[in-house]
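These notes concern the structure reproduced below.
The values are calculated or read from the model by the stated rules, or taken from the named source; none is laboratory data. Everything numeric here is computed off the predicted structure, so don't read it as measured data. Positions of Cβ are generated from backbone atoms using ideal geometry, with glycine treated the same way; all protein chains shown enter the neighbour counts. Keep in mind that these areas ignore ligands, DNA and RNA; they rest on the heavy atoms of the full protein, side chains included. Shrake-Rupley method; radii C 1.70, N 1.55, O 1.52, S 1.80 Å.
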Amino acid sequence: MRRALGSGVAGVAALAMLATGTAHAANGTYYSSKQPYIVPQQALDMSYSAAPEGYTITYTEMLARHGSRGLSSYKYDALLKMMGQTASEVGGFVSEEAEQAFMANVQAIIDANVENGYGMLTGQGATQHQGIGSRAYQRNKQLFDQATADGETIEYESSGEARATESGENFKKGFDQASGNTLSDSYETPTDPAGEGDAAPFQKSPDTLYFHKTDNPDGSEKTGEAADIASHYESFVENDETIANAEDYIENVDASVTVSYDLLSQIFTEDFLEKVDDGTYSWYNTTTGEKDSDEDGKADDGSGTDIRNCAIEGDPDELMAEYGEDICGETGKHISSVVDAAMDLYNLYIIAADMQEENTGDHTFDFDQYFTTISPEDGDVFAWILDMEDFYEKGPSYAGQDETYRIAQPLLDDFFKSIDERVAGGTTAATFRFAHAETIMPFAALIGAPGSTQQAPAVENPQSVADVYNYQNNEWRGESVTPMAANIQWDVATRDGIDPETGKAYTPLIRMLYNEEEVAFGGTNTLTRGLSSCTPVAEGSTWYKESELKSCLGVDGKRIPSTEEPTITVETGTSGDQQQDGNAGDQNQNTGDGVTGPSDSTKKPTAADQPKTIAKTGSAMIVPAVAAVVLIAAGVTLVFVRRAKRH
């Protein structure tokens, strides 16, 4: 089931609010990697630094996560529904009103996901990428207008997952609308299209955009080097003791049980919750609620009964064929503790932030109500619990290892290859790639992007919070590293002639935008050093020679040493002959919420004015000493809980 492209008035209003950051910072919410995209002011102003004097932007490329989506599959909602049904049967609710509200909320979010499509973009997600696409054109208008005149093309790629492709379709819609459709039909013809219709321009590229699994989104299996990389990674994450023990330690913080009871005791009786913790009650995501030992969807009694649990009644195979495979959940998911249940409820709370347009009519739900009474002193530990698994398994992880992010090396190689092909005379003016959080996180760690430069201690048997990833001394946050619609964009500038310093053609220059903010490059060494290991063309600049980036980015054995001086002597601010596209005072620009209007900024700052780190998307990124004051003032409503391991 696919959504129609575009969004309505509700989507415009919702994204306008999110663009200001009020839904996150002002309310003190912590959505971890489910954070809806917030358009930075720099993107609204188009106040980016120009290329150095004599250079012109001649290519751009991007990696983006899909936009806001609903629940990825029928699991958290399924398990809480079963828990509620048992509570109804045994008198486990604190009141009839609590029972009615809880069951209605759970059923409403199920209905909303069935209608929208489990795992598919929501209206917010569509609008987010339409805005990003529009601004991508505006930022480099001169490049794309020249590409139109020269008959050049754009390359679109997708992991092959439906929500990634749909994100790309919406990006293209925003881009084409901003450009007046001048390049709408000028795209590289895929050898393996991601679909028909609006999906036809998208090349399926799972080897570089879905590298974390041996199985591809379309059900095929990887082969060759891509299969070896994915298999090695899966084995490492599954068997590494340092990761497992760190996750266990964080999950078993003593206060988590108490606060989980505090959260759920608003809904369920103490006696019922105690019976969950003592094993009297537990639920697996099956039609029987019983464990599926083989996780093959068949009952363990040998009867061959299909026990796959689906959001609506019917034959699972038929339902999956009609609605998509995510309409039925993984049978291994379960609730066997109060903490399990509390984390499932938290997961519904955070996904609701991405479903504002779907939260309406006969499937209106309200999960915020359960978190308003939680003491702000309990802080943002929900997000920490959720972040820690991503950090350890897909991000920087612990010191001394590179397995969790070296899997993104083929993607980095592809970034450089695409640039080299363009410089060599290629006619592809831009490459836009659409993938997942599991793609963004390792890529950000591999290139030492701001926020992904610090690893946790390599302590195999942690004894304190200082021995593991924590919010006090590590700035990695899912909400800023990989929010919904997260994106990493590289602009490439070239110049004609021979560089007198090298006696060869001028080396291309590259600058990076992370979530549409201009940031400095780091490097793999920053994962342990915390300092930049890539040298820009001038102090304070965000432009780098490609030769420098090839020598400082990537894993050992893949870097290409360079003897070329990384700096240049020309000015790195705005020059008279190289304005930053999209920055003119009369340039209309899409603000990301579907509203188009004139820019109020003609500012053309020097590179030194640009941010050197990722902008903080909320108070979870504030220095801890200040954070406590801010959290109390904001009225944080999150809780301190533990997540049961791999539930």
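Other residues whose C-beta falls under 9 angstrom from the C-beta of Val106 contribute a net charge of 0, scoring Lys and Arg +1 and Asp and Glu -1. At 1.4 Å probe size, with the rest of the protein present, what percent of the exposed accessible area of region 156-208 is carbon and sulfur atoms? With neighbouring chains kept in place, the figure for region 156-208 is 37 percent. In terms of distances greater than 22 angstrom between alpha carbons, the cross-link table entries Lys81/Lys291; Lys291/Lys394; Lys173/Lys417; Lys204/Lys417; Lys34/Lys204; Lys173/Lys204 yield Lys291/Lys394; Lys173/Lys417; Lys34/Lys204. Expressed as a whole percent, the accessible area of region 427-574 that falls on carbon and sulfur atoms is 46 (1.4 Å probe).
Heavy-atom accessible area for Tyr249, with the other protein chains in place and a 1.4 Å probe, reaches approximately 70 Å².
Rounded to the nearest 20 debye, the dipole magnitude of region 41-130 is 280 debye, with +1 charges on Lys and Arg beta carbons, -1 on Asp and Glu beta carbons, and the Cα centre as origin. Residue by residue, region 547-552 carries 3J(HN,Hα) couplings of 4, 5, 5, 5, 8, 10 Hz when phi is fed to the Karplus relation 6.51 cos²θ - 1.76 cosθ + 1.60 (θ = phi - 60°); x denotes Gly or Pro.
Distances between placed amide hydrogens fall under 5 Å for Asp499 paired with Lys504, Ala505, Tyr506, all partners being 5 or more residues away or on another chain. Rolling a 1.4 Å probe over the protein chains gives Asp317 an accessible area of about 90 Å². Its relative contact order, with pairs defined as Cα atoms under 8 Å and 6+ residues apart, puts region 17-165 at 28 percent.
Taking amide H atoms as placed 1.01 Å from N in the peptide plane, the amide H of Thr58 lies under 5 Å from those of Val492, Ala493, Thr494, each 5 or more residues away in sequence or on another chain. Rolling a 1.4 angstrom probe over the protein heavy atoms with all chains in place gives region 424-527 an accessible area of 27 Å² per residue. Relative contact order of region 208-281, taken over Cα pairs closer than 8 Å and 6 or more residues apart, is 17 percent. Accessible surface for region 314-367, divided over its residues, is 34 Å² per residue with a 1.4 Å probe. Shape class for region 257-408, computed from the alpha carbon gyration tensor (a ≥ b ≥ c): rounded, with a/c under 1.5.
If you take every residue apart from Leu509 with its C-beta less than 10 Å away from the C-beta of Leu509, what net charge results, scoring Lys and Arg +1 and Asp and Glu -1? Summing Lys/Arg as +1 and Asp/Glu as -1 gives 0. Here the peptides 433-441, 478-486 are ranked by packing, the mean other Cβ count within 10 Å, and the order with the highest first is 478-486, 433-441.
Computed with a 1.4 Å probe on the full set of protein chains, the accessible area for Glu318 sits at about 130 Å².
Thr427: net charge of surrounding residues, Cβ under 10 Å, Lys/Arg +1, Asp/Glu -1, itself excluded? Spelling it out: positives minus negatives among the neighbours equals -3.
Looking at region 180-241, the accessible area is 55 square angstrom per residue; that uses a 1.4 Å probe and ignores ligands, DNA and RNA.
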